[in-house]
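To start, the structure under review is shown below, and the notes come after it.
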Amino acid sequence: MNSDWQPTASIDNLRRRAGIVADIRRFFAERSVLEVDMPVMSHCAVSDPFIDSIEVAYRAYPQAEAETLYLQSSPEYAMKRLLAAGSGAIYQLGKAFRNGEVGQRHNPEFCMLEWYRPGFDDQRLMDEVAALVEPILGLPPIERISYGELFERYLQIDPHRATATELAAEARRHLDVQMDDEDPDSWLNLLMSHVIEPRLAERGALFVCDYPASQAALAQVRKDHKGRPVAARFELFVNGIELANGYHELTDAAEQQRRLEADQRQRAALDLPQRPLEMRLVAALQQGLPDCAGVALGVDRLVMLALNTEQIGDVIAFPYPRA
């Protein structure tokens, strides 16, 4: 008989997952952080060239011409619009969607926890991420290291000053690489994902902070202790698995628009689809986004780590092949 009707996760694992989700909601309730529910569908899509949005066709009635909408890869844009409207501290625990993400730790439909804290910077938000994650995973205090220190420790390279040629040579010392790219960030991302991240598995839990300014995404840029411009951004790795990504959020509307348009130009250069930019986010920043820090955390991966399993199908009932 066909067994595809059955869940891939055991009922016991789903019960344990439900307990973790309840712990998350209790954590924010104790801190008076408001739970919100942002739209899953939007008229606009994420600008990041390395995230592919899933398109959906909306029709006002069955024979109507279809209008293209986008399943959101993150509730970030909508949550920032809410922050600008005066919501105060908020979180969302719900579904996000990304094309092409299927594998051992990926599912195109996944559970994301995202929250924003007015008055926090990235350092203070790391404290709160640690307060949430450490008890769930039974971790000791989480170490912090800068992106630059990480590259200097493992590769003896200053990632903030190295040229694309130098980074390409370093990548070819470790990997069989055929690509040819003049963008230093392409090589930094390759070295990070294929050379450094595998070594982080032996480090337990680790916050990596102060990314290159060119990788700021939607984070503020500041000077580090050496006077170099860095992104006020962090990522949390646990046993080499990326679990969370946080920013001291950009509040400058003109800079936000510049970055969205730069992403669109990069998408065009890479022959990727041109999708509507979220200019309502720019308008929200013009109105006034409070100084805040925000973070997105992968709940499925958090449960995987808590249950000590390597397969995402062990912690969600019906992953993509059985959806």
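The numbers here are math on the coordinates, done by the rules we state, and not lab data. Source: prediction; values computed, not measured. Cβ placement follows ideal geometry from the backbone for every residue including glycine, while neighbour counts extend to all protein chains displayed.
List of remarks:
- Computed helical MRE - 222 nm, the chain, DSSP H runs ≥ 4 contributing -39500 (n - 2.57), nearest 500: -10500 deg cm²/dmol
- Calculated FRET value between Ala269 and Ala60, using beta carbons and R₀ = 35 Å, to 0.05: 0.45
- Summed side-chain charge close to Gln6 - residues other than Gln6 whose Cβ falls under 14 Å, Lys, Arg +1, Asp, Glu -1: -1
- The range 1-116: relative contact order in percent, alpha carbon pairs under 8 Å with at least 6 residues between: 24 percent
- Using a cutoff of 8 angstrom between alpha carbon atoms and counting only pairs six or more residues apart, the relative contact order for the chain works out to 24 percent.
- Over the range 110-202, the hull volume per residue, using the convex hull of the C-alpha atoms, is 160 Å³.
- Likely footprinting exposure, His106, His194, His248, His160, fewest C-beta neighbours within 10 Å first: His194, His106, His160, His248
- Summed side-chain charge close to Trp115 - residues other than Trp115 whose Cβ falls under 10 Å, Lys, Arg +1, Asp, Glu -1: -1
- Loop chymotrypsin sites (Phe, Trp or Tyr not before Pro), the range 12-51 (other Cβ atoms within 10 Å of the site Cβ: 12 or fewer; DSSP): Phe50
- Mean-position separation - Cα centroids, the range 286-308 and the range 10-67, in angstrom: 13 Å
- Most fluctuating residue given options Tyr211, Tyr61, Tyr147, as computed from a GNM of the chain linking Cα atoms under 10 Å: Tyr61
- All-pairs alpha carbon distance profile, the chain, 20 Å steps from 0, percent: 28, 61, 10, 0
- The range 232-247-the range 128-182 distance, computed between alpha-carbon centres (Å): 11 Å
- Highest-fluctuation residue, Ala216, Ala284, Ala57 considered, GNM on the chain with Cα pairs under 10 Å: Ala57
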